[in-house]
Amino acid sequence: SPMPPRHSADGKVLGVCGPGVVEALDAVGAEVDIVDGADRPARQRGYDAVVVGIRAGITAAHLSLAVRAVLEGATLLGPSADPLHPVADGFDIGGGALLAAVAYATGVEALVGGKPHPPMAAVVRQRFGSVDVVVGDQARSDGRLAEQLGARFLLVRSGVGSRGEDPAVLVAARYDDLARA
């Protein structure tokens with residue numbers, strides 16, 4: 001069974017994520033080891049947190065490093081719960097699906113900061129106050145965020161939405177092309 005997560009001020013983070021997330025971690029003073037390419041980070045143990053997100057080139061070996069760190073007590077974090085990521089020729093696996101793989105392997109529930117989770121709703125409220133409409137292509141994330149904000153949800157059919165539909169989410173309108181809406 002996994003060790004309980006440890007929290008410490010020195011913020012040693014294993015980043016299995018893209019450059020935008022790494023930039024945000026750097027901005028708050030975290031000491032980040034990035035898992036990139038075939039290289040393993042110099043440190044193999046003693047992480048306070050693991051951040052798993054979308055990044056081109058993530059392999060099973062990268063996710064295994066994340067699993068090991070979580071089993072040793074690191075907190076599992078993710079910026080997104082999106083299962084799919086739309087690309088020009090279809091879909092790639094989303095950051096949320098990668099995060100779910102590590103969570104499933106370790107039996108640890110991940111803390112997600114992005115939509116539709118409470119940290120994102122709090123940031124949106126703080127920055128924008130009342131929100132009338134949320135536009136997105138995934139009911140499971142964008143639609144649930146709209147619910148948390150008490151806003152109407154407009155679904156844009158990127159192709160992800162049909163796979164990410166959630167019958168419990170109220171969709172105010174559906175569009176094939178937002179530019180022509």
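Between D89 and S64, the simple label model (points 7 Å from Cα in the Cβ direction) yields a spacing of 2.8 nm. Rounded to the nearest Hz, the phi-derived 3J(HN,Hα) couplings of region 97-114 under the Karplus curve 6.51 cos²θ - 1.76 cosθ + 1.60 (θ = phi - 60°) are 5, 5, 4, 4, 5, 5, 4, 5, 5, 9, x, 10, 7, 7, 9, 10, x, x, where x marks glycine and proline.
Sorted largest first by accessible area at a 1.4 angstrom probe radius, with every protein chain in place, the residues R152, R45 fall in the order R45, R152. Computed about the Cα centre, the dipole magnitude for region 25-159 is approximately 260 debye when only Lys and Arg (+1) and Asp and Glu (-1) carry charge, each at its Cβ. Hydrodynamic radius of region 44-151 by the Kirkwood approach over all distinct alpha-carbon pairs: 14.8 Å. In order along region 146-151, the Karplus-derived 3J(HN,Hα) couplings, from 6.51 cos²θ - 1.76 cosθ + 1.60 at θ = phi - 60°, round to 4, 4, 4, 8, x, 10 Hz, and Gly and Pro are given as x.
Each of Y175, Y104 has its accessible area taken with a 1.4 Å probe; listed largest first, they run Y104, Y175. For region 40-133, the antiparallel share of DSSP beta bridges with both residues in that region comes to about 45%. Once you list every other residue whose beta carbon is under 13 Å from the beta carbon of P118, what net charge do they have if Lys and Arg are +1 and Asp and Glu are -1? Neighbourhood net charge equals +2.
The values are calculated or read from the model by the stated rules, or taken from the named source; none is laboratory data. Here the structure is a predicted model, which is why all the values come from computation and not from measurement. Cβ coordinates were reconstructed from backbone atoms using ideal geometry, including for glycine residues, and neighbour counts include every protein chain displayed. Remember, those area values only see protein heavy atoms, side chains included, never the ligands or the DNA or RNA. Shrake-Rupley method; radii C 1.70, N 1.55, O 1.52, S 1.80 Å.
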